Amino acid sequence: MTKNIVVTGVGASSPIGGTAPESWEALLAGTSGARTLEHDWVAEYALPVTFAAEALVRPDTVLERPVAKRLDPSAQLALVAAMEAWADAGSPEVDPERLGVEFATGIGGVWTLLDAWDTLREKGPRRVLPMTVPMLMPNSASGNLSLHFGARAFATTVASACASSTESIANAVKHLQDGLADVVIAGGAESAIHPITIASFASMQALSKRNDDPATASRPTSIDRDGFVMGEGAGVLILETEEHAKARGAKIYGYVAGGGVTADSYHITANDPEGRGAARAVRLALEQAGASPDDVTHINAHATSTPVGDPNEYQALKAVFGDRIDDIPVSATKASTGHLLGGTGALEAIFTILALRDRKAPPTINITEQDPEVPFRVSGDAQDLGAGDQLAISNSFGFGGHNAVIAFRSA
């Protein structure tokens with residue numbers, strides 16, 4: 001018998017809030033997290049893009065200093081969000097061998113790696129910190145979360161670019177259903193707003209260059225969109241079997257009903273223009289949820305605000321939902337948060353489960369004129385989802401052709 005998997009805790013550190021509730025309220029209020037970067041290196045390297053959506057609350061101001069010093073900023077963000085989610089779940093008492101970590105990042109410890117390279121060149125090998133490798137490795141966050149919470153069932157890492165943390169949630173559900181754990185700390189984090197990543201994304205014409213108006217630069221589905229906005233942050237969900245959650249009297253946000261993970265095998269950076277892999281991921285998520293496309297009442301779209309990506313996603317969803325796609329309330333939350341790369345799926349999963357809880361599809365800001373090629377039902381105001389059972393999906397697609405979709409049911 002398939003076990004029901006529930007969400008019992010959420011935590012987030014995002015460009016629009018230092019916690020999950022703060023991020024949610026800011027999202028509903030139409031807040032933008034994109035701001036001009038106030039770092040010397042922006043001018044030093046004459047970067048063509050001078051803004052991004054940095055985490056609103058720096059994680060090293062939340063963690064104790066000795067802890068923060070031993071973690072890359074990405075792992076700092078992961079720990080801050082995980083601590084919040086764990087407390088939100090009521091700090092469950094669970095056998096360490098029944099507690100797992102399934103975490104994700106797209107890039108990992110880029111700041112640690114490149115700072116260490118600078119140190120090596122300028123000061124020599126003796127000045128390179130002994131903790132450099134444990135801080136830069138992509139599994140640093142999952143390993144440190146395992147240590148912090150005493151999780152011994154497993155501590156795994158997904159690195160599937162911008163689909164990473166959505167895939168980590170899908171994996172966590174499978175681990176729970178397979179009986180490998182009773183509770184899983186799942187999510188993702190990214191802190192890659194660095195000169196090299198900004199320069200690289202700008203070089204491939206992927207970033208918006210609206211340096212004069214950062215707050216409106218991310219404008220998914222708008223006809224004048226010109227690229228995504230780099231974001232930073234972390235999202236963490238505490239997932240457990242319904243049986244375990246009810247036995248300990250935990251509050252339940254909702255159900256993780258299904259997950260679909262596929263690959264395009266089309267191009268290393270471009271998604272399949274016919275959306276076949278993305279559509280298949282949606283169908284797999286719905287199949288696992290025991291649902292049909294007609295059951296879906298809300299979609300959190302990947303919608304990065306790139307000229308090609310947004311219409312491709314629309315075509316993929318139209319292949320699944322037909323003309324009904326134009327009637328389903330859609331939110332493109334990267335308009336507010338920017339694109340958190342490997343952390344984006346977990347943050348948007350939190351937004352999706354909270355949308356079902358509050359019966360509100362969050363607004364999509366910055367649309368000046370909707371592109372007729374992307375006629376999603378989006379709105380600058382929150383959309384009412386109505387009463388009754390709700391089923392929502394959250395989409396993530398990444399470089400390498402990775403597609404991951406999670407389906408959530410209301411509690």
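The values are calculated or read from the model by the stated rules, or taken from the named source; none is laboratory data. This one's a predicted model, so the numbers in the text were calculated from it and none came from an experiment. Neighbour counts run over all protein chains shown; Cβ positions are idealised from the backbone, glycine included.
When residue 52 is evaluated against the numbered criteria (1) within 21 Å of residue 103 (Cα to Cα); (2) crowded, with 22+ Cβ neighbours inside 10 Å; (3) not hydroxyl-bearing (Ser, Thr, Tyr), which criterion, by number, is the only one it fails? The single condition residue 52 does not satisfy is (1).
Within the range 293-319, residues that are within 19 Å of residue 361 (Cβ to Cβ) and in contact (Cβ under 8 Å) with a residue 40 or more places away in the chain reach partners that are assigned to a helix (DSSP H, G or I) and among the aromatic types (Phe, Trp, Tyr) with beta carbons closer than 8 Å, at six or more positions or on different chains, in the pairs 296/321; 300/351. Of all positions in the range 23-37, at least one carries a residue that is of a type in the set (Ser, Thr, Tyr), in contact (Cβ under 8 Å) with a residue 12 or more places away in the chain, under 26 Å from residue 250 (Cα atoms) and crowded, with 19+ Cβ neighbours inside 10 Å. Within the range 155-184, can you find the residues that are closer than 15 Å to residue 255 by Cα and hydrophobic (A, V, I, L, M, F, W, C)? Within the range 155-184, 169, 170, 172, 173, 176, 183, 184 meet the criteria. The residues of the range 55-78 that are crowded, with 21+ Cβ neighbours inside 10 Å and part of a helix (DSSP H, G or I), listed by number, are 59, 73, 74, 75, 76, 77, 78. Would you check which residues across the range 95-119 are of a type in the set (A, V, I, L, M, F, W, C), buried (at least 18 other Cβ atoms within 10 Å of the Cβ), assigned to a helix (DSSP H, G or I) and in contact (Cβ under 8 Å) with a residue 24 or more places away in the chain and list them? Answer for the range 95-119, where residues must be of a type in the set (A, V, I, L, M, F, W, C), buried (at least 18 other Cβ atoms within 10 Å of the Cβ), assigned to a helix (DSSP H, G or I) and in contact (Cβ under 8 Å) with a residue 24 or more places away in the chain: 110, 111. For the range 256-287, filtering for residues that are under 26 Å from residue 357 (Cβ atoms) and crowded, with 21+ Cβ neighbours inside 10 Å leaves 10.
Table: residues versus (1) closer than 16 Å to residue 166 by Cβ; (2) of a type outside the set (Ser, Thr, Tyr).
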position: 291; (1), (2): no, yes
position: 314; (1), (2): no, no
position: 332; (1), (2): yes, yes
position: 339; (1), (2): yes, yes
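A residue that is among the polar types (S, T, N, Q) and under 21 Å from the mean Cα position of the chain (by Cα) can be found somewhere in the range 253-267.
Taking the criterion of being closer than 30 Å to residue 215 by Cβ, of a type in the set (Asp, Glu) and free of Cβ contacts under 8 Å to residues at least 24 places away in the same chain, the only residue of the range 53-94 that qualifies is 60. Cβ-Cβ distances below 9 Å connect the following pairs, each with a first residue in the range 381-399 that is among the β-branched types (Val, Ile, Thr), a second residue that is part of a loop (DSSP other than H, G, I, E, B) and at pLDDT 95 or above, and a separation of six or more residues or different chains: 393/296. Quick check: is even one residue across the range 185-198 touching a Pro at 6+ places or on another chain (Cβ under 6 Å) and either crowded, with 24+ Cβ neighbours inside 10 Å or of a type in the set (Gly, Ala, Ser) (or both)? Yes: one or more hits. Residues of the range 358-411 that are within 23 Å of residue 5 (Cα to Cα) and polar (S, T, N, Q): 390, 394, 395, 396, 403, 410.
For the range 152-172, a residue qualifies if it is crowded, with 24+ Cβ neighbours inside 10 Å and either in a helix (DSSP H, G or I) or of a type in the set (S, T, N, Q) (or both), and the qualifying residues are 160, 162, 163, 164, 165, 166, 167, 168, 169, 170, 172.
Screening the candidates 46, 78, 53, 12 for the property of being within 20 Å of residue 195 (Cα to Cα), at pLDDT 95 or above and under 18 Å from the mean Cα position of the chain (by Cα) yields one hit, 53.
For residue 219, the conditions (1) surrounded by 20 or more Cβ atoms within 10 Å (Cβ to Cβ); (2) out of contact with any Asp or Glu (no Cβ under 9 Å at 6 or more places or on another chain); (3) of a type in the set (Lys, Arg) all hold with the exception of (2). One residue alone among 387, 355 is surrounded by 18 or more Cβ atoms within 10 Å (Cβ to Cβ) and among the hydrophobic types (A, V, I, L, M, F, W, C), and that residue is 355. Which condition breaks for residue 81 when tested against (1) in a loop (DSSP other than H, G, I, E, B); (2) in contact with a Gly (Cβ under 6 Å, 6 or more places away or on another chain)? Every listed condition holds for residue 81 apart from (1).
Conditions (1) closer than 23 Å to residue 227 by Cβ; (2) in contact with a Ser or Thr (Cβ under 6 Å, 6 or more places away or on another chain); (3) hydrophobic (A, V, I, L, M, F, W, C); (4) modelled with pLDDT of 95 or more, marked per residue:
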position	(1), (2), (3), (4)
293	no, no, no, yes
297	no, no, no, yes
330	yes, no, yes, yes
366	yes, yes, no, yes
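Being of a type outside the set (Phe, Trp, Tyr), over 26 Å from residue 270 (Cβ atoms) and assigned to a loop (DSSP other than H, G, I, E, B) is the requirement here; does residue 210 meet it? Spelling it out, it is not the case that residue 210 is of a type outside the set (Phe, Trp, Tyr), over 26 Å from residue 270 (Cβ atoms) and assigned to a loop (DSSP other than H, G, I, E, B).
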